[in-house]
Amino acid sequence: MPQIAQLSATYASQIFWALIFFGFVFFVIGRGFVPGVLATVANRDKQIADDLAAAKAARTAAEAAEEAWKQTAAKQRADAHALIAAAKHDATLASETRLGEAAAAVDARMAEADARLAAASASALQEIETVASEAAVLIAQSLAGLTLDADAARASVKEVLHG
Amino acid sequence: MAEQGKVDPMHQFMIEPLFGTDHLTLGGYNIAFTNSALWMLITTVALFVFVAGGSKKQLVPGRWQMAVESLTGFIDNLLAANVGPAGKKYVPYIFSLFSFILFANVLGLLPLGLVGVHPFTATSHFTVTGVLAVLSFAIVLIVGFKRHGLHFFSLFVPHGTPGWLLWLIPFIELISFLVRPFSLALRLFVAMMAGHVLLEVLSSFVIASTNSGFLWGTVVGLPSFLLMIAICALEILVAGIQAYVFALLTSLYLNDAENLH
């Protein structure tokens with residue numbers, strides 16, 4: 001077993017070189033490179049966590065904005081409906097008023113026309129009486145040679161016309 | 001013929017000085033640059049290339065960076081699970097420990113014999129695993145006494161110890177505590193050595209039986225060869241598991257030192 005047979009001759013060399021090379025490994029690789037590698041991994045993990053948190057926050061903000069937008073839209077829609085209803089109401093009122101005015105004007109004109117009609121028929125009646133009485137006087141004069149008093153003839157005609 | 005087929009399963013663990021450095025000394029100690037040192041150097045270089053190539057620090061990692069990050073993340077999780085938040089500062093040490101052992105184990109298994117190079121498994125020597133185990137144990141002791149002072153000795157009196165056993169339990173706990181560096185070092189060294197010896201012995205069966213003729217080659221050589229293939233897969237698994245066990249036990253001991261019981 002060379003490990004024991006050569007022990008006295010080689011132990012110093014073995015220990016020396018083991019210390020040299022393991023020392024190099026520890027100080028240059030273990031202390032030099034490994035912390036950097038660990039830091040890289042830690043940074044990456046941190047960045048991933050941060051990015052995820054940022055994405056989550058952005059999503060929450062987007063959802064809140066959407067909710068707010070929905071509320072605004074609903075409110076605006078309600079406002080618009082109210083506006084339309086009010087306009088409809090006003091329009092109805094205005095048209096009713098104008099219809100009423102027009103109806104009143106028409107009534108007034110109809111009443112005036114009736115009055116004029118009545119007046120016309122009255123004057124026409126008057127005219128007929130006059131014409132009839134004159135006609136009666138002329139008829140009596142030419143047929144019977146009688147001379148009638150105009151007033152008496154008018155009274156007679158009036159009596160006949162009105163029964 | 002018999003001499004040709006003879007395989008010494010222990011030869012692979014021989015330490016040989018390279019590049020004429022046989023008599024290189026430091027403070028009276030021989031520090032020859034051996035094949036063992038060469039393979040630790042190769043382990044270090046391979047690990048350096050792997051980690052350096054993967055620490056580009058890009059936000060979106062490539063395949064290589066992903067591989068390195070998986071390895072560091074694995075150690076990070078191991079320490080977080082076993083030691084808790086206080087374990088973060090041991091990540092460089094446990095990472096170095098785990099990857100150094102893993103790379104050394106796997107490099108020692110490479111089938112480089114096919115191209116005439118003989119891989120050497122540095123972790124199959126308790127002089128190397130012992131260094132790592134003593135380092136881990138020393139860190140546990142330093143951390144324990146630094147954080148808890150003499151209160152660290154309460155480690156030897158687990159919660160719920162009955163009063164009438166107080167004379168025995170601390171003694172047993174002390175022994176188990178002191179055995180830790182040895183168990184750490186020996187476990188790795190034995191596991192590595194056993195696997196390599198087994199493969200070597202089976203390969204000697206294959207060679208010797210095939211040289212003895214077709215019949216023996218079929219009856220002994222072929223099953224041995226099939227077994228070798230299976231054991232190669234097992235050894236790759238063991239290479240990973242032993243590195244993991246070393247790192248896991250060290251982190252458990254560090255947990256004792258950080259949090260006591």
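The values are calculated or read from the model by the stated rules, or taken from the named source; none is laboratory data. Small disclaimer: the values here were computed from a predicted structure and weren't measured. Backbone-built Cβ (ideal geometry, glycine too); neighbour counts: all protein chains shown.
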> Among the numbered criteria (1) over 18 Å from B:N105 (Cβ atoms); (2) within 8 Å of chain A (Cβ to nearest Cβ); (3) touching a Leu at 6+ places or on another chain (Cβ under 7 Å), which single criterion is violated by B:T43?
Replying inline: (1)
>> Just to be sure I understand, how many residues within segment B:146-164 are in contact (Cβ under 8 Å) with a residue 24 or more places away in the chain and not in a loop (DSSP other than H, G, I, E, B)?
In response: 6
> Looking at (1) touching a residue at least 24 places away in the same chain (Cβ under 8 Å); (2) more than 10 Å from chain A (Cβ to nearest Cβ); (3) hydrophobic (A, V, I, L, M, F, W, C), which is the one condition that is false for B:A80?
Replying inline: (1)
> Which of (1) on the phi > 0 side of the Ramachandran plot; (2) among the basic types (K, R); (3) more than 10 Å from every other protein chain (Cβ to nearest Cβ) does B:K57 not meet, given it meets every other one?
Replying inline: (3)
> Taking segment B:11-34 as the search range and keeping residues that are within 17 Å of A:L19 (Cα to Cα) and surrounded by fewer than 18 Cβ atoms within 10 Å (Cβ to Cβ), which one is nearest to the other protein chains (Cβ to nearest Cβ)?
Replying inline: B:Y29
> Going through segment B:109-126 one residue at a time, which ones are in contact (Cβ under 8 Å) with a residue 40 or more places away in the chain and within 17 Å of B:A37 (Cβ to Cβ)?
Replying inline: B:H118, B:P119, B:F120, B:T121, B:A122, B:T123, B:S124, B:H125, B:F126
> Within segment B:192-251, which residues are surrounded by fewer than 15 Cβ atoms within 10 Å (Cβ to Cβ) and among the hydroxyl-bearing types (S, T, Y)?
Replying inline: B:T218
>> Can you confirm whether B:A81 is in contact with a helix residue (DSSP H, G or I) (Cβ under 9 Å, 6 or more places away or on another chain), modelled with pLDDT under 85 and either surrounded by 24 or more Cβ atoms within 10 Å (Cβ to Cβ) or under 30 Å from B:N259 (Cβ atoms) (or both)?
In response: no
>> Tell me the residue from B:V134, B:V143, B:V106 that is surrounded by fewer than 22 Cβ atoms within 10 Å (Cβ to Cβ), free of Cβ contacts under 8 Å to residues at least 60 places away in the same chain and more than 8 Å from chain A (Cβ to nearest Cβ), please.
In response: B:V134
> For residues in segment B:159-177 being among the hydrophobic types (A, V, I, L, M, F, W, C) and within 35 Å of the chain's Cα centre (by Cα), which is nearest to B:V140 (Cα to Cα)?
Replying inline: B:F177
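Residues are listed down the side, and each one gets a yes or a no for (1) free of Cβ contacts under 8 Å to residues at least 12 places away in the same chain; (2) closer than 29 Å to B:V197 by Cβ:
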residue	(1), (2)
B:M10	no, yes
B:I31	yes, yes
B:G54	no, no
B:Q58	yes, no
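State whether one or more residues within segment A:101-115 are surrounded by 10 or more Cβ atoms within 10 Å (Cβ to Cβ), closer than 30 Å to A:A155 by Cα and either in contact with a Ser or Thr (Cβ under 8 Å, 6 or more places away or on another chain) or without any contact (Cβ under 8 Å) to a residue 12 or more places away in the chain (or both). Spell out the reasoning first.
Step one: of segment A:101-115, the residues surrounded by 10 or more Cβ atoms within 10 Å (Cβ to Cβ) are A:101-115.
From what's left, closer than 30 Å to A:A155 by Cα: A:114-115.
Now drop any that are not either in contact with a Ser or Thr (Cβ under 8 Å, 6 or more places away or on another chain) or without any contact (Cβ under 8 Å) to a residue 12 or more places away in the chain (or both), which leaves A:114-115.
Checking segment A:101-115: at least one residue is surrounded by 10 or more Cβ atoms within 10 Å (Cβ to Cβ), closer than 30 Å to A:A155 by Cα and either in contact with a Ser or Thr (Cβ under 8 Å, 6 or more places away or on another chain) or without any contact (Cβ under 8 Å) to a residue 12 or more places away in the chain (or both).
Here's the yes/no breakdown for (1) part of a helix (DSSP H, G or I); (2) not small (G, A, S):
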{"position": "A:D90", "(1), (2)": "yes, yes"}
{"position": "A:E127", "(1), (2)": "yes, yes"}
{"position": "A:A135", "(1), (2)": "yes, no"}
{"position": "A:T147", "(1), (2)": "no, yes"}
{"position": "A:R154", "(1), (2)": "yes, yes"}
{"position": "A:V160", "(1), (2)": "yes, yes"}
> Which one of these does B:V128 not meet: (1) surrounded by 24 or more Cβ atoms within 10 Å (Cβ to Cβ); (2) modelled with pLDDT of 90 or more?
Replying inline: (2)
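Here is a yes/no grid of residues against (1) closer than 20 Å to A:Q47 by Cβ; (2) in a loop (DSSP other than H, G, I, E, B); (3) among the β-branched types (V, I, T):
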| site | (1), (2), (3) |
| --- | --- |
| B:G53 | no, no, no |
| B:V60 | yes, yes, yes |
| B:M66 | yes, no, no |
| B:I75 | no, no, yes |
| B:L78 | no, no, no |
| B:A86 | no, no, no |
| B:Y90 | no, no, no |
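In segment A:26-49, which residue that is within 60 Å of the chain's Cα centre (by Cα) and basic (K, R) is farthest from B:W64 (Cα to Cα)? Give the steps one after another, and end with the answer.
In the first step, residues of segment A:26-49 are kept if they are within 60 Å of the chain's Cα centre (by Cα); the result is A:40-49.
Okay, now just the ones that are also basic (K, R), so A:44, A:46.
Working: A:R44: 16, A:K46: 21 Å.
If we take residues in segment A:26-49 being within 60 Å of the chain's Cα centre (by Cα) and basic (K, R), then A:K46 is farthest from B:W64 (Cα to Cα).
Do you know which residues across segment B:182-230 are over 30 Å from B:S136 (Cβ atoms), hydroxyl-bearing (S, T, Y) and in a helix (DSSP H, G or I)? Steps first, answer last, please.
Applying the first criterion (over 30 Å from B:S136 (Cβ atoms)) to segment B:182-230 yields B:201-230.
Next, only the ones that are hydroxyl-bearing (S, T, Y) stay: B:203-204, B:209-210, B:212, B:218, B:224.
The answer is B:S203, B:S204, B:S209, B:T210, B:T218, B:S224.
Please indicate, with yes or no, whether at least one residue in segment A:26-37 is of a type outside the set (S, T, Y) and more than 9 Å from every other protein chain (Cβ to nearest Cβ).
no
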> Taking segment B:109-131 only, how many residues are part of a helix (DSSP H, G or I), more than 9 Å from every other protein chain (Cβ to nearest Cβ) and of a type in the set (A, V, I, L, M, F, W, C)?
Replying inline: 4
>> Could you tell me how many of the residues in segment B:162-209 are among the basic types (K, R) and at pLDDT below 85?
In response: 0
> Does A:A53 fit the bill of being closer than 30 Å to B:Q58 by Cβ and under 52 Å from the mean Cα position of the chain (by Cα)?
Replying inline: yes
